[in-house]
Amino acid sequence: MMLKKSVSRLLVFALCFGLTACAGGGGSSDKLTDSLEEGTAVKTRMFVDDAGREVEIPEDLNAIVASGPLAQIVLLALAPDMLVGLAAQVGESARGIIPEELFDLPYFGQLYGSANLNVEELAAAGPQVIVDIGELKSGVAEDLGSLEEQTTIPAVFVSATLDTMAETYRTLGRLLGREERAEELARFCEKVYSRTVSIMEEVGEEMKRNALYVTGEEGLNVLARGSYHAELIDLLVNNLAVAENPSSKGSGNEVTMDQLLLWDPEVIIFAPGSIYSEVKEMDTWKEMDAIAQGKYVETPSLPYNWVGDPPSVQRYLGLIWLPALLYPEYCNYDVKEEVQEYYRLFYDYELTDEKYETLTAHAFFDTALQ
């Protein structure tokens, strides 16, 4: 892990809260922790996170930060009012969808990915807890322990995969004291995921579409089978992109045009900002059946990519859209209505019919998939 700056344990935050991660046995309890401010005390509790770490946190939380963009997207739906800074800057195109006050928050970078975290600025924002959400990797506990040492701010890890997002929200609800709201989000995730699994059981492994998810400006990157970023793609299609070492990055694995031609997928799903709009005029790309027959689409991406990058909760939009695109005969729900429900529930935003049509303009085939 790369941290931009090292910070003394005597940060102002430590004077107020005096909290560090604690190792020990299971169970949870409340206790009073004396503050250095005269006449005050902070009530704390122990929280066991998904990395098995016992962390001492304030009983009443109202100021948090996310470790990276994946965590930030998850938290935006549950507790946007608690965020005191940004791990990932919010694009201007998201104005009107993302709460306006978030655009004024300080930006201090992320722990993973670009590893550009500015520890001093993070501490200056005054968070009570750093929330890390995502894949449980072998170094998570060590990384968060190191971060706590440099900031004296407790850090909590919450596991999140495509199939466990409902439990992710329930855990976060307990952490942040937002159980009722978390349960509402969890039930939506459960509904969509369980339905998708049922659809794919009906489709069967043998009838899965042979497909690729293509990224990069030149379209020469793919999400490889078995990677964390390819969870959604692997669930819904026979992902032809087999790599010896699947990349852990959202950009995927680099490949050659010859390899793409060799795979020759039935369907190609292009990432936002890829070469989607140009391939129908390019002789090399037209050699693939998917391009020649018009069986390729571009992933919607406002405010975030529906398939991933980062692989956060917005992938549930992909679980609504892609089964209906690929296996329409198995899907008896209204895609637009459910997408609108997601935007209403997760962003508190009314997605109009007109906005939906614009958002999904390149998300469906011109002709039925045979």
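The values are calculated or read from the model by the stated rules, or taken from the named source; none is laboratory data. Owing to the predicted nature of the structure, the values given are computational and were not obtained by experimental measurement. In this analysis, Cβ positions are derived from the backbone assuming ideal geometry, glycine residues included, and neighbour counts consider all displayed protein chains.
Observations on the structure shown:
- Lone qualifier among 261, 351 - being hydrophobic (A, V, I, L, M, F, W, C), on the phi < 0 side of the Ramachandran plot and loosely packed, with under 15 Cβ neighbours inside 10 Å: 261
- Condition met for residue 132 (within 16 Å of the chain's Cα centre (by Cα), within 30 Å of residue 227 (Cα to Cα), of a type in the set (D, E, K, R) and not in a loop (DSSP other than H, G, I, E, B)): yes
- Candidate set from region 105-124 (those that are surrounded by 20 or more Cβ atoms within 10 Å (Cβ to Cβ) and assigned to a loop (DSSP other than H, G, I, E, B)); member that is modelled with the highest pLDDT: 108
- Options 168, 161; residue that is hydroxyl-bearing (Ser, Thr, Tyr) and farther than 24 Å from residue 62 by Cα: 161
- Criterion (of a type outside the set (A, V, I, L, M) and closer than 28 Å to residue 82 by Cα) met by exactly one of 234, 163: 163
- Filtering region 60-67 for residues that are assigned by TED's automatic domain parsing to the domain that holds residue 118 and either without any contact (Cβ under 8 Å) to a residue 60 or more places away in the chain or charged (D, E, K, R) (or both) leaves a non-empty set.
- Residue count, region 275-300 (criterion: within 26 Å of the chain's Cα centre (by Cα) and either β-branched (Val, Ile, Thr) or within 20 Å of residue 234 (Cα to Cα) (or both)): 6
- For residue 157: the one exception among (1) over 28 Å from residue 326 (Cα atoms); (2) assigned to a helix (DSSP H, G or I); (3) touching a Leu at 6+ places or on another chain (Cβ under 7 Å): (2)
- Helices (runs of 4 or more DSSP H) completely within region 161-262 that count 2 or more residues being small (Gly, Ala, Ser) and more than 18 Å from residue 310 (Cα to Cα): 179-203
- Some residue of region 205-218 being under 22 Å from the mean Cα position of the chain (by Cα), under 20 Å from residue 67 (Cβ atoms) and touching a residue at least 24 places away in the same chain (Cβ under 8 Å): no
- Residue that is touching a Phe, Trp or Tyr at 6+ places or on another chain (Cβ under 7 Å), at negative phi and surrounded by fewer than 19 Cβ atoms within 10 Å (Cβ to Cβ), where the choices are 340, 314: 340
- When every residue of region 85-104 is checked against the conditions, none turns out to be part of a loop (DSSP other than H, G, I, E, B), more than 16 Å from the chain's Cα centre (by Cα) and farther than 21 Å from residue 304 by Cβ.
- Of the residues in region 288-298, at least one is assigned to a helix (DSSP H, G or I) and either touching an Asp or Glu at 6+ places or on another chain (Cβ under 9 Å) or of a type outside the set (A, V, I, L, M) (or both).
- Residue match in region 317-336 (condition: within 17 Å of the chain's Cα centre (by Cα), part of a loop (DSSP other than H, G, I, E, B) and crowded, with 21+ Cβ neighbours inside 10 Å): no
- Residue pairs whose Cβ atoms lie under 8 Å apart, separated by 6 or more positions or on different chains, with the first residue in region 193-204 and without any contact (Cβ under 8 Å) to a residue 40 or more places away in the chain and the second small (Gly, Ala, Ser) and surrounded by 11 or more Cβ atoms within 10 Å (Cβ to Cβ), do not occur.
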